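> Got a structure here, written out as structure tokens. Questions coming.
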Amino acid sequence: MRRILLSTLLCGTLLHANVDDDLSGFEEDTTTTVESNTTKPVVQAKEPLIKGLTGKLTQQIAYGWNTPEPHDGINSFKSSLFLDYEHKFESGIKIKINAKAYYDSIYKIKDKEDFSTQEIDELESEVELFDAYVEGKIAEKFDYKIGRQVVVWGRSDTIRVTDILNPIDNRRPGMVDIEDLRLPVSMAKFDYFVGDWRITPIAILEQRFSKNPPFGTAFSPAPVAMPEDEEYDDVTYALSIGGEFSGWDINFYGAKVRSDSGYMDGINPTLQHDKITMLGSALNVTTGSWLFKSELAYFDGLKYSTTGNSEFNRLDFLLGFEYNGIADTTISYDFVKRTMSDYDNRLLGEFIPVLEDEYQHALRITSSFKNDTITANYLISLFGKSLDEGGFQRAWIKYDIADGINANIGVVDYIGGSKMFDAIEENDMLFVDVSYSF
């Protein structure tokens, strides 16, 4: 009942925020500029101390009211600094470098002895180099971008199907969107334009894998620590070919990359990441206030810990839409079905059981008001054909307090229904962060 009331109230609040403008929101061309009687305040951009250098200071607090000890109560008090440097030369060459450092003082506030060594090593502090690349033109229709970067395949903001080139930071699942979770990888990317088409070959120079919750955290119910990832220094390859046309676009993808999830083979003490092949496509169609999207991905060569040297194929299919017909509001829904071929019942023995058919649903509502100074958001993601295999819902509000000062407050509710989500169901969390951009 608590979850039903939360979902109902949040959806009602988001959709009612602009009820007076409902009729004016149904327009044939969503790109048309509409003049408003309300004039937005003009904010003068501040000159950075160093030309091209910007940054952000953020203080975040997370509170779990029902989380098991030692993660009960305030379980994160994280201070972070993000710095970004960008410079474009007269020749047209551009360089970009950014990095983030954080320190979570909760491990000083509470007794360190209550936490696992793995948790303290991974979550107490970190310095991470994110984007670090140079880009420019080889010829008029031939571009390059070399260095650590993010390459997004597909259109879904919530569910990954063809978006496989960058791992994610999943150490606190459900807390933030995928766009803030992707980890840059060193690549050499080239774009060649032929009419309405773009051909993009990519050499992946760095093999990175997703960061999962370390042993001992509230999100890692494993009885023992997982092995470290095997390190690789080879080069893998990917290719995309895409075209953009009036009202629609299409992309075709192919990649020979190392599996992100990995498996244990019983011989090596590390998590193995063998190469897999992915072939996929994405189609997006825009009509009026609607965007319809689809993604298809075929994976060959998947291996699992409980099935020895057996290899499996999987077909992932996504259908979704975005609707912008209500003023200042976006509603989106994505549905994915993942189907394993030549299914083996030993896959049920995985720590997170692998099913023959897996389903995932995601509904998102975003609404802005007060001259875009306040944005209310709601997201619910559920697994299972009947939406009964667990998931989470998150509601959050972003508020522009003043020039360069922003606040974000929200709540995450984890929903049981499967082995994985039953284990983290009690980790519901309230979070608040305040940031200053300069």
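The values are calculated or read from the model by the stated rules, or taken from the named source; none is laboratory data. The structure displayed is predicted, hence computed values, not measured ones. No Cβ is skipped: glycine too gets one built from the backbone with ideal geometry, and neighbour counts run over all protein chains shown.
Conditions tested, residue by residue: (1) of a type in the set (G, A, S); (2) without any contact (Cβ under 8 Å) to a residue 60 or more places away in the chain; (3) out of contact with any helix residue (DSSP H, G or I) (no Cβ under 7 Å at 6 or more places or on another chain); (4) surrounded by fewer than 17 Cβ atoms within 10 Å (Cβ to Cβ).
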{"position": "V161", "(1), (2), (3), (4)": "no, no, yes, no"}
{"position": "Y192", "(1), (2), (3), (4)": "no, yes, yes, yes"}
{"position": "Q207", "(1), (2), (3), (4)": "no, no, yes, no"}
{"position": "S210", "(1), (2), (3), (4)": "yes, yes, yes, no"}
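> Does E128 satisfy being in a strand (DSSP E or B) and either among the charged types (D, E, K, R) or free of Cβ contacts under 8 Å to residues at least 60 places away in the same chain (or both)?
Details: in a strand (DSSP E or B): yes; either among the charged types (D, E, K, R) or free of Cβ contacts under 8 Å to residues at least 60 places away in the same chain (or both): yes.
So E128 passes the test.
> Keeping to the stretch 217-255, report how many residues are touching a Lys or Arg at 6+ places or on another chain (Cβ under 8 Å) and β-branched (V, I, T).
Residues flagged as touching a Lys or Arg at 6+ places or on another chain (Cβ under 8 Å) and β-branched (V, I, T) within the stretch 217-255 amount to 3.
> Next question. Out of the stretch 188-238, which residues are part of a loop (DSSP other than H, G, I, E, B) and aromatic (F, W, Y)?
F209, F215, F219, Y232
> Which of (1) within 30 Å of G243 (Cα to Cα); (2) touching a residue at least 12 places away in the same chain (Cβ under 8 Å) does A139 not meet, given it meets every other one?
Checking A139 against (1) within 30 Å of G243 (Cα to Cα); (2) touching a residue at least 12 places away in the same chain (Cβ under 8 Å), the one that fails is (2).
> Conditions first: (1) at negative phi; (2) free of Cβ contacts under 8 Å to residues at least 60 places away in the same chain; (3) buried (at least 20 other Cβ atoms within 10 Å of the Cβ). G390 passes all but one, so which condition is the exception?
Condition not satisfied by G390: (1).
> Looking at G174, G147, which is the one that is modelled with pLDDT under 95 and not hydrophobic (A, V, I, L, M, F, W, C)?
On the way: G147 fails: modelled with pLDDT under 95.
Exactly one of G174, G147 is modelled with pLDDT under 95 and not hydrophobic (A, V, I, L, M, F, W, C), namely G174.
> If you don't mind, another one. Out of the stretch 412-438, which residues are β-branched (V, I, T) and either over 20 Å from the mean Cα position of the chain (by Cα) or crowded, with 16+ Cβ neighbours inside 10 Å (or both)?
Across the stretch 412-438, the qualifying residues are V412, I415, I424, V434.
> So how many residues does the stretch 262-316 have that are of a type outside the set (G, A, S), under 19 Å from S240 (Cα atoms) and touching a residue at least 40 places away in the same chain (Cβ under 8 Å)?
From the stretch 262-316, those of a type outside the set (G, A, S) are 263-265, 267-279, 283-287, 290-293, 295-296, 298-300, 302-304, 306-307, 309, 311-316; that's our starting set.
Cutting the leftovers down to under 19 Å from S240 (Cα atoms) gives us 275-279, 283-285, 293, 295-296, 298-300, 315-316.
Imposing the further condition that a residue be touching a residue at least 40 places away in the same chain (Cβ under 8 Å) reduces the set to 278, 284, 293, 295-296, 316.
Matching residues across the stretch 262-316 total 6.
> Identify the single condition in (1) at pLDDT 95 or above; (2) surrounded by fewer than 17 Cβ atoms within 10 Å (Cβ to Cβ); (3) in a loop (DSSP other than H, G, I, E, B) that E244 does not satisfy, given that it satisfies every other one.
(3)
> If we scan the stretch 335-347, do we find a residue that is crowded, with 18+ Cβ neighbours inside 10 Å and not hydrophobic (A, V, I, L, M, F, W, C)? Before the answer, list the steps.
Taking the stretch 335-347 first, the residues crowded, with 18+ Cβ neighbours inside 10 Å are 336, 338, 340, 347.
With not hydrophobic (A, V, I, L, M, F, W, C) added as a condition, the list becomes 338.
Yes.
> Scanning for something free of Cβ contacts under 8 Å to residues at least 24 places away in the same chain, surrounded by 14 or more Cβ atoms within 10 Å (Cβ to Cβ) and not in a strand (DSSP E or B), does the stretch 76-90 turn up at least one residue?
Within the stretch 76-90, none of the residues are free of Cβ contacts under 8 Å to residues at least 24 places away in the same chain, surrounded by 14 or more Cβ atoms within 10 Å (Cβ to Cβ) and not in a strand (DSSP E or B).
> Out of E124, E27, E35, which single residue is of a type outside the set (F, W, Y), at pLDDT below 95 and surrounded by 13 or more Cβ atoms within 10 Å (Cβ to Cβ)? Spell out how you get there, then give the answer.
Working: E124 fails: at pLDDT below 95; E35 fails: surrounded by 13 or more Cβ atoms within 10 Å (Cβ to Cβ).
The unique qualifying residue is E27.
> Shifting gears a bit: Filtering the stretch 395-429 down to residues that are over 17 Å from T58 (Cβ atoms), outside any loop (DSSP other than H, G, I, E, B) and among the acidic types (D, E), which residue is modelled with the highest pLDDT?
For the stretch 395-429, the residue satisfying everything is D413.
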